[in-house]
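First up is the structure itself, then whatever we jot down about it.
Rule-based calculations on the coordinates, nothing more; no lab input. Remember, predicted model here, so these are calculated numbers, not experimental data. Virtual Cβ from ideal backbone geometry, glycine too; neighbours counted across all protein chains shown.
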């Protein structure tokens with residue numbers, strides 16, 4: 001009889017633990033590799049200089065060159081000398097340059113388009129050995145990543161403004177470290193009104209020993225929740241959370257809600273708050289922490305009542 005009671009208690013503890021941790025490590029992670037060179041071929045490119053003359057691009061590689069002083073330059077192979085490059089397009093790779101702005105599609109190992117590397121440059125001039133010029137600004141736009149949980153749909157993307165070029169950027173969307181983040185919300189009671197964590201976005205880079213490469217990140221999170229839900233965007237870092245200035249608007253296509261926030265420091269971006277309710281104590285889309293605690297209390301009472309009955313039966 002004691003064994004039966006022990007098993008029931010263990011099942012209750014396991015159910016409580018599972019309810020709290022069910023979503024942890026449900027995430028989509030994407031490694032965005034930023035190469036230092038991109039192959040181009042003469043047959044797949046068209047280019048014009050600022051005098052509106054067609055110019056030849058040689059077979060070879062577009063090079064992104066990092067100088068010892070931190071400066072970054074771009075070089076395009078061409079034997080044509082003269083005026084600065086005005087436009088360039090490579091059909092094979094999708095690389096596009098116009099008016100001193102270069103867009104380079106970045107793909108994963110399986111060919112998925114995962115991001116665009118956008119570089120503003122000075123004039124690219126050619127003295128007979130290729131077009132060459134300094135990069136004055138760098139932006140990395142990650143493609144939208146979608147995730148579904150419990151019938152709710154979420155997606156996220158970002159625009160990262162870089163002060164240098166890392167080798168790899170990892171963009172992660174989903175649920176991770178949820179218990180730690182919720183503890184940080186409730187620590188000190190400042191944000192104890194937060195009952196629902198809806199999505200996390202984490203951006204990391206390698207090599208980790210390099211200086212933090214992101215000047216600031218504009219993160220967008222899209223949900224199919226009600227506009228009445230009271231959510232905000234926060235940043236979690238080293239056990240603390242702060243609320244970020246954020247915007248909220250309804251997407252014209254599909255009526256999805258989009259939250260946007262800017263962050264100038266590393267950390268996990270968190271969409272959190274409190275859902276609107278149809279009835280007191282009931283959430284529109286699922287159980288929150290309060291629901292789990294109430295359910296746990298009811299189960300505890302039922303188990304205690306069952307244990308009492310079994311004990312009386314054993315004494316008869």
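Once you keep just the Cα pairs under 8 angstrom separated by 6 or more residues, what percentage relative contact order results for segment 111-197? Don't skip to the end; give the middle numbers.
Details: 99 pairs, mean separation 17.0, N = 87.
Relative contact order of segment 111-197: 19 percent.
What FRET efficiency comes out for the pair residue 84/residue 109, r = Cβ-Cβ distance, R0 = 41 Å, nearest 0.05?
Details: r = 35 Å, r/R0 = 0.87.
Efficiency computed from Cβ-Cβ geometry: 0.70.
In percent, what relative contact order does segment 34-141 have, based on Cα pairs under 8 Å that are 6 or more apart in sequence?
Values: 265 pairs, mean separation 25.9, N = 108.
Relative contact order of segment 34-141: 24 percent.
Could you state the principal axis extents of the C-alpha atoms in segment 34-141, from the largest down, to the nearest angstrom?
Here the spans come out as 38, 35, 21 Å, largest first.
Could you give the C-alpha radius of gyration of segment 146-217 expressed as a fraction of 2.2 N^0.38 Å, taking N as the number of residues it contains? Intermediate values should be presented prior to the final figure.
On the way: Rg = 15.3 Å, N = 72, 2.2 N^0.38 = 11.2 Å.
So the Cα radius of gyration is 1.37 times the expected 2.2 N^0.38 Å.
If packing is taken as the mean number of other Cβ atoms within 10 Å per residue, what is the order of 115-127, 36-48, highest first? Mind dumping the intermediate values first?
Details: 115-127: 18.0, 36-48: 15.6.
Per-residue Cβ counts within 10 Å, averaged per peptide and sorted highest first, yield 115-127, 36-48.
For residue 256 and residue 164, what does the FRET efficiency come to when R0 = 41 Å and r is the distance between their Cβ atoms, rounded to the nearest 0.05? Let's see the in-between values first.
Values: r = 34 Å, r/R0 = 0.83.
My answer for the efficiency is 0.75.
Using mean Cβ contacts within 10 Å as the protection proxy, how do 97-109, 161-173 order, highest first?
Working: 97-109: 15.6, 161-173: 18.6.
Order by mean packing, descending: 161-173, 97-109.
How much length would be gained if the chain were fully extended between residue 149 and residue 134, taking 0.36 nm per residue of separation minus their Cα-Cα distance, in nm to one decimal? Intermediate results must be reported in sequence, preceding the final value.
Values: separation 15, 0.36 × 15 = 5.40 nm, distance 4.51 nm.
Result for the pair: 0.9 nm of gain on full extension.
Which FRET efficiency value, to the nearest 0.05, do you get for residue 230 and residue 41 by plugging their Cβ-Cβ distance into 1/(1 + (r/R0)^6) with R0 = 41 Å?
Numbers: r = 54 Å, r/R0 = 1.33.
That gives a FRET efficiency of 0.15.
Label residue 59 and residue 238 with points 7 Å out from Cα along Cα→Cβ: what is the distance between them in nm?
For the pair residue 59/residue 238, the computed spacing is 5.4 nm.
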